[in-house]
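Visitor: Before anything else, here's the structure in question.
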Amino acid sequence: MTKFSAADAPAETQAKSRSPLIALAGQPNMGKSTLFNLLTGLNQHVGNWPGKTVERREGRFDLHGREAVLVDLPGAYSLTANSPEEVIAREFIVREKPDVVIAVVSAANLERSLYLVAELAALDAPLVVALNMIDVAEQEGLRVEPHVLEAALGVPVVPMVASKALGVRDLLDVVEEVLTGKRLPAPRPPEIRPDHAAVLTEIQTLIASHVPDPYPPAWMALKLLEGDAEVTRTMQAALPPETWEDVHKILRAHDDAFLAVASGRYEWIGRLVRAAVTRPRVGQIGLTERLDRWAAHPVWGLVLLAGILGLVFGLTFTVGAPIQAWLEEAVIAPLSGLAGGALAGAPAWVRGMLVDGLIGGVGSVLTFLPILVIFFAAFALLEDVGYMARAAYVMDNLMHLMGLHGKSFLPLFLGFGCNVPAVMGTRVIDSWPARLLTILIAPLVPCTARMAVVAFIAPAFFGANAVWVTWGLVLFSLLALVLSGTLLNRVLFKGQRSAFIMEMPLYHLPNPRTIGLLVWQRSLAFVKKAGTAILAMAMLIWLLSYLPGGDLNSSYLARFGQWIEPLGRAMGFDWRLTVALLSSFPAKENAIATLGVLFGVSPEAGLTDLLTAAYSPAAALSFLTVTMLFIPCLATVAVTKQETGSWRWVAVSLALFLALSFLGGTAVYHLAVWLL
């Protein structure tokens, strides 16, 4: 009997024996996510790479009658260890050995997007190039010849427009041909500049027998010449000391070798572009350049940004607020009434736990979803058309006041909807110090939940002046953000400033499918993270308000509030206001519900009258100030831990907000007593 291994089987047989693993690689803004969403739809899983805060997206799709696994690698400009995204992308390709790597490049910006292809071509993985955004290239006056590019690269090149699903079927046909062995890519990677070719050969000879699996020796030698920090550490540990000394001596003697490597790639890219791309006539101005005369202008760009933000806020509160109110009145309240009626004969603790704890906790999340969905959709649209990069650019000078740059503006603005996606949105910031600083100050942006508390209390105490009080509170919170950011930057990062390098993608039409999936994923993530945390904490708050004997005034919650009441008195609080503030930890809007419970009424049964009778305007203003500056909700704290990977930074965040809220509340209360 003849025995053979899987390695001896024909490629077609192997390809059909399991689900093919396909990796999607590309630089940011190439349309990679659009293609991934188009192929996988809702059959995708979003999480984090092991040990990293970088997002991992994996999905499944039908490839000619069988299931294929598609992994969306993080956007990377190269395969050099300059960022976690680049390390993850190359380690996945080298270690997991995908059956096919699809490199998504932009036909409208080949010079830049081919740099990653130059590095992918040097690896062993079968490569297919998806030449995306053909329509955008034509819009800019560019004409790309895919067949010329394919002949020069030595790998299949498929023209496509992912946003319109054009050419996607052709791409899958080519992938299938590569998987079954009917088409064998033979990439022609760039060569190092001739004056360093002998040096590269010498290093490869020295390290060849010591390169750990599964890294290709030629690729490792090239990365050593580039000065790649990760590869250098790996080879220093793998080589005998005397061999490493020889290699190190060569690297020291040729410390400019990275220029030779990069020059070889850029010369290679230049030849490809000259052969395959026909450029527009001299003097012809494309759509992107015409629009950027306004969008990226230092003055008119700010005016345009203010107008767009005003439109987003207007849309959010004119459309989202009525839906939110309808959900509360037509869904949550009747559901609570039905549950209360159904449990009329049940023990009081069962009824309270299910009606007040369970339904109230989940309801507080559900009623805010309409506003969040509108925010998510608006920002996804602005990001998809390419505008958000311009917003970051025009805000760069203002952000420098805190030692940050324009990219930090994007997640901070998300905070007006919810601080959870704001903290998660800091992933767009390349510099870790800048990202960490943005995470720490992001909760000072007043979210919709904080504004809901202000919208309820301010009219009760200040009447027609409530709008000015509200504006003052928002400006005070933003001023605290600027001052805190400046102070933290000086104390923690010694005044360090981050360089601002940001790509300006070409404008293009939005893809409704991509926007819809993004809104779905972010909304679902919010419900899972915030909803679960709020529900758990709401149940705990109810339990503390019920035990030990079912009487609120003698409950553990009341005892705790009375114990810390002396601290609250400095801000004009009694124990009830203090407890209401503490109950806002799971969700800010819980403060109003807690006051209703503590006063024995519901908001629609005269709570505002009782509050105005019990507290002075100075105490109310102090309470609103502290609400704006108090520690963020539990979900935001949990995401802060997830994104920083350390409880130390969570502690710094909590200490910052506790100090700010106490000092701010105390100062506002005593100033208001003096003035009022």
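The values are calculated or read from the model by the stated rules, or taken from the named source; none is laboratory data. Computed from a predicted structure; not experimentally measured. For neighbour counting, all protein chains shown are included, and Cβ atoms are generated from backbone atoms with ideal geometry for every residue, glycine included.
Visitor: Restricting to helices (runs of 4 or more DSSP H) lying wholly in region 524-604: which have 3 or more residues that are modelled with pLDDT of 80 or more? Spell out the reasoning first.
Guide: Values: elements: 532-546, 556-563, 565-569, 575-583, 590-598.
In region 524-604, 556-563, 565-569, 575-583 are the helices (runs of 4 or more DSSP H) which contain 3 or more residues that are modelled with pLDDT of 80 or more.
Visitor: Check whether at least one residue in region 418-434 is within 24 Å of ALA593 (Cα to Cα), at pLDDT below 80 and not assigned by TED's automatic domain parsing to the domain that holds PRO74, and report yes or no. Outline the logic, then answer.
Guide: As a first pass, look at region 418-434 and keep what is within 24 Å of ALA593 (Cα to Cα): 418-420.
Filter once more, keeping what is at pLDDT below 80: 418, 420.
In the following step, the residues that additionally are not assigned by TED's automatic domain parsing to the domain that holds PRO74 were identified as 418, 420.
The answer is yes, given that some residue of region 418-434 is within 24 Å of ALA593 (Cα to Cα), at pLDDT below 80 and not assigned by TED's automatic domain parsing to the domain that holds PRO74.
Visitor: Here is a follow-up. Going by the conditions given, is THR470 at pLDDT 70 or above and under 25 Å from the mean Cα position of the chain (by Cα)? Outline the logic, then answer.
Guide: On the way: at pLDDT 70 or above: yes; under 25 Å from the mean Cα position of the chain (by Cα): no.
Criteria not met by THR470.
Visitor: Next up: Exactly one condition in (1) modelled with pLDDT of 70 or more; (2) assigned to a helix (DSSP H, G or I) is not met by LEU509; state its number.
Guide: (2)
Visitor: Please pick out the residue among ALA122, ALA118, ALA218, ALA130 that is under 27 Å from PHE92 (Cα atoms), in contact (Cβ under 8 Å) with a residue 12 or more places away in the chain, among the small types (Gly, Ala, Ser) and touching a strand residue (DSSP E or B) at 6+ places or on another chain (Cβ under 9 Å). Walk me through it before giving the result.
Guide: Working: ALA122 fails: touching a strand residue (DSSP E or B) at 6+ places or on another chain (Cβ under 9 Å); ALA118 fails: touching a strand residue (DSSP E or B) at 6+ places or on another chain (Cβ under 9 Å); ALA218 fails: touching a strand residue (DSSP E or B) at 6+ places or on another chain (Cβ under 9 Å).
Among ALA122, ALA118, ALA218, ALA130, only ALA130 is under 27 Å from PHE92 (Cα atoms), in contact (Cβ under 8 Å) with a residue 12 or more places away in the chain, among the small types (Gly, Ala, Ser) and touching a strand residue (DSSP E or B) at 6+ places or on another chain (Cβ under 9 Å).
Visitor: To continue, here is another question. Which of the residues spanning region 147-186 are assigned to a helix (DSSP H, G or I) and under 13 Å from MET133 (Cα atoms)? Full working, then the answer.
Guide: Within region 147-186, the first condition is being assigned to a helix (DSSP H, G or I), and the residues that meet it are 147-153, 162-164, 168-179.
Across region 147-186, the qualifying residues are ALA162, SER163, LYS164, VAL168.
Visitor: Which of the residues belonging to region 635-650 are small (Gly, Ala, Ser) and more than 13 Å from ASN419 (Cα to Cα)? Reasoning before the result, please.
Guide: Let us first name the residues in region 635-650 that are small (Gly, Ala, Ser), namely 635, 638, 645-646.
Correct list: GLY645, SER646.
Visitor: Scan region 255-275 for residues that are farther than 30 Å from LEU131 by Cβ and either modelled with pLDDT of 90 or more or surrounded by fewer than 16 Cβ atoms within 10 Å (Cβ to Cβ) (or both) and jot them down. Spell out the reasoning first.
Guide: Step one: of region 255-275, the residues farther than 30 Å from LEU131 by Cβ are 255-257.
Correct list: ASP255, ASP256.
Visitor: Taking PHE462 and the conditions (1) at pLDDT 75 or above; (2) touching a helix residue (DSSP H, G or I) at 6+ places or on another chain (Cβ under 7 Å); (3) surrounded by fewer than 16 Cβ atoms within 10 Å (Cβ to Cβ), which numbered condition does it fall short on, given that it satisfies the others?
Guide: PHE462 satisfies every listed condition except (3).
Visitor: Related question: Which of the strands (runs of 3 or more DSSP E) found entirely inside region 23-129 contain at least 1 residues meeting this: crowded, with 17+ Cβ neighbours inside 10 Å and modelled with pLDDT of 85 or more? Walk me through how you get there before you give the answer.
Guide: Details: elements: 44-48, 55-63, 66-72, 100-106.
Result: 55-63, 66-72, 100-106.
Visitor: Among the numbered conditions (1) in a helix (DSSP H, G or I); (2) farther than 30 Å from ALA389 by Cβ, tell me where LEU291 comes up short.
Guide: In the conditions (1) in a helix (DSSP H, G or I); (2) farther than 30 Å from ALA389 by Cβ, LEU291 misses (2) alone.
Visitor: Still on this structure, I have one more. Could you tell me whether THR288 is closer than 19 Å to ILE374 by Cβ, of a type in the set (Ser, Thr, Tyr) and modelled with pLDDT under 75?
Guide: Working: closer than 19 Å to ILE374 by Cβ: no; of a type in the set (Ser, Thr, Tyr): yes; modelled with pLDDT under 75: yes.
Spelling it out, it is not the case that THR288 is closer than 19 Å to ILE374 by Cβ, of a type in the set (Ser, Thr, Tyr) and modelled with pLDDT under 75.
Visitor: Given the structure, is ALA237 within 25 Å of GLU85 (Cα to Cα) and either exposed (fewer than 15 other Cβ atoms within 10 Å of the Cβ) or in contact (Cβ under 8 Å) with a residue 40 or more places away in the chain (or both)? Write out each step before concluding.
Guide: Working: within 25 Å of GLU85 (Cα to Cα): yes; either exposed (fewer than 15 other Cβ atoms within 10 Å of the Cβ) or in contact (Cβ under 8 Å) with a residue 40 or more places away in the chain (or both): yes.
Yes: the conditions hold for ALA237.
Yes/no per residue for (1) buried (at least 18 other Cβ atoms within 10 Å of the Cβ); (2) aliphatic (A, V, I, L, M); (3) touching a Gly at 6+ places or on another chain (Cβ under 7 Å):
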| site | (1), (2), (3) |
| --- | --- |
| MET160 | yes, yes, yes |
| VAL178 | yes, yes, no |
| LEU184 | no, yes, no |
| PRO187 | yes, no, yes |
| ARG193 | no, no, yes |
| THR205 | no, no, no |
